[in-house]
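What follows is a short report on a single structure.
The values are calculated or read from the model by the stated rules, or taken from the named source; none is laboratory data. Quantities reported herein were computed from a predicted structural model and do not represent experimental measurements. We place every Cβ from the backbone using ideal geometry, glycine too, and count neighbours over all the protein chains shown.
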Amino acid sequence: MKRIITKVVVSTMLAAGSLGVVAVATVPAGATAAAATNTFSGKVKTVDVAKDTFTLTSGAKTYTVAYKATTKFTKGSAKILKAGLTVSVKGKLVKAVIEASSIAA
């Protein structure tokens, strides 16, 4: 049964290829692939309340974390952020900035 299916699939692929039928997936110019949501843990290094950002040190790496009104805080609000606080941030790393969807202290 597997041989018959393989022969049919291969034959169909060869026939489609010989007719010039090709499927190609591309990303339009200027577009980027969607960033995956990850969890980043570490300590708050600095806080910039005016820009709704803080820096997070995780091991040898330091990230800028951006939060907004829709960011979920497990304890309180952005007012809890201070240097030295250990946090866990869920979000997407876009270029060099973590766009936070939730922050747990």
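Of the strands (runs of 3 or more DSSP E) that lie entirely inside the range 45-99, those containing 1 or more residues that are under 19 Å from the mean Cα position of the chain (by Cα), closer than 16 Å to ALA35 by Cβ and touching a residue at least 24 places away in the same chain (Cβ under 8 Å) span 61-66, 86-94. Residues in the range 73-95 that are among the small types (Gly, Ala, Ser) and farther than 15 Å from ASP48 by Cβ were compared, and the one that is modelled with the lowest pLDDT is GLY76.
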